[in-house]
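Visitor: Mind having a look at this structure? Questions to follow.
Any read-out appearing in this document is the output of simple, stated calculations on the displayed coordinates, not a laboratory observation. These figures come from a predicted structure and were not determined experimentally. Glycine also receives a Cβ, built like all others from the backbone with ideal geometry; neighbour counts cover every protein chain displayed.
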Amino acid sequence: MTKTAPRLKQAIAVATAAHEGQLRKTGEPYITHPLAVVKILQEWNMDEDTIIAGVLHDTVEDTSLTLKDIEEQFGKDVAFLVNGVTKLGKARSGMKDLDEYLPQTGDNLLKLLIATGQDIRVLIIKLADRLHNLRTLGALPPEKQKKIARESLEVFAPLADRLQMGRTRVEIEETSFKYVDPRRYEELKKLTAERLKKADKKLKSAQEAVEQALKREHIKYKCDGRVKSIYSLHKKLAKYDQNIDRIYDIIALRFIVEDTTTCYLVLGIIHSLFHPMDGRVKDYIAMPKQNGYQSLHTTVITNDKQIVEFQIRTKEMHEYAERGLAATFFYNEQKLTSAYTEGRVSKLPSNLLWIRDLQESAAKLASGEKVDTEKLKLNLFADKIFVYTPKGDIIDLPKGSMPLDFAYRLHSEIGAQCTGAIVNGKMVDLKTKLKQGDVVEIITTKNSKPNPGWLDKVFSRHARSKLRGQLHAILPDFSVAKSTDKKSAHKTKAKKPTSRKK
């Protein structure tokens, strides 16, 4: 980065002078934070303007430096990026402050991410900023720690996931979870360590068997192990009634090979050695995940009855899985163009074409070309809405959700005991559809119980599942046959149950 060194050196000097006398909660000079953000962005191989914006990202909000000053010294692109990060910072201060800052929109943090994130680099700077803040979270009071950690789980981890920045997502989740539920974190950490110890020898045996077979076929590969993150395990245990024996991917062996054809060849070799489990072969190469993740997954039963998951991918797929869209700044335009023309990424579903646009733009930025910022606009959460609790916690829900969906998302008991809802300070009907940025408060009564009429007042799969379970428990005659999971149920012409007066 020899070309960027002089400008970056100048930006560091400007930021250091602007933050002079300011201290972080850790007691360190404030400049240590933007410098840490710069280091993270450099590790992600971001372009020059992004790194410079990283060191200046807090100056407009926290110092006398203005956007005009930044534009004069570092250009319009850097000023644009700093302005984007500043807006996101304003949003974090709360809806009331944001209404004053953006009176025309009144959007909240996630609405702002969706509507005005505009340049993918703004979001990547924001992730780097949040990542370093989480690394130094211990300096804050416990109440503040929990609030920031919970917001990180609800907002920034999904953001990293949507950008397929797997390594960043895991660090955000793990660090946040330690503050949100420290007891559960330590419990699962211990449980994972015990499982690893028990499986170590059998896992090595399976790895050696595959490696010997690959060597016989003269296949070049790199193998490493992947241990499921604590937070991912926590979420998965919730789906399987806390039964860890039903979770087969706590440990996975990952084989990285040269090309896609070899991926499928390795899959065949593994299946010739071990018995694949029914329904546990997943082809994310032919059908990538929504965030663009590509890999082959298979879970097998080895000869010594050990259940092992294997993941098989190319080096480029692995880079994307680890660093996501940030990784595309590392590849030049020629590489990307050849990848498209050779058909390696042309089979992406239409809802993932934004990845191609972003990769092309990222490649141009990395090679010093100017790009149209319209091509870098990003709709991160098209299928979700984000609403607030009265305390300011951010909760994500599927679009179309109603107050009962929110109640069950908080806790199944809150859902069961719901007798009403207040949205933005006003009482509403339980069939009211929630909107982006709503502040929702659930009214509960201790002895209240759910009734079958509620099945017409929930939208999310999670809420319907919890509600059906509760109805089974309290109504012996209730059966699934009397209701339906399908979204079309909301459109039926059946007689609506009479609403109870509160």
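Visitor: In what order do VAL266, VAL14 fall by count of nearby beta-carbon atoms within 10 Å, going from fewest to most?
Guide: VAL14, VAL266
Visitor: Label SER64 and ARG167 with points 7 Å out from Cα along Cα→Cβ: what is the distance between them in nm?
Guide: 4.1
Visitor: Could I ask something else about it? Got a sec? How would SER272, SER401, SER229 order by Cβ neighbour count within 10 Å, fewest to most?
Guide: The order, fewest Cβ neighbours first, is SER272, SER229, SER401.
Visitor: Between ASN424 and LEU410, what is the label-point separation in nm under the 7 Å Cα-to-beta-carbon projection?
Guide: Roughly 1.9 nm, to one decimal.
Visitor: Work out from phi, with θ = phi - 60° and the Karplus expression 6.51 cos²θ - 1.76 cosθ + 1.60, the ³J(HN,Hα) of each residue of region 198-213, listed in order in whole Hz, and give x for Gly and Pro.
Guide: Listing the rounded values in order: 5, 8, 3, 5, 5, 5, 4, 5, 5, 4, 4, 5, 5, 4, 5, 5 Hz.
Visitor: Further, regarding this structure: Apply the Kirkwood formula to region 182-319: the hydrodynamic radius equals the inverse of the mean of 1/r over all pairs of different alpha-carbon atoms; give it in Å with one decimal.
Guide: Radius from the Kirkwood sum: 15.8 Å.
Visitor: Let me ask you something else. By counting other Cβ atoms within 10 Å of each Cβ, how are TYR264, TYR408, TYR240, TYR30 ranked from fewest to most?
Guide: Going from least to most buried by this count: TYR240, TYR264, TYR30, TYR408.
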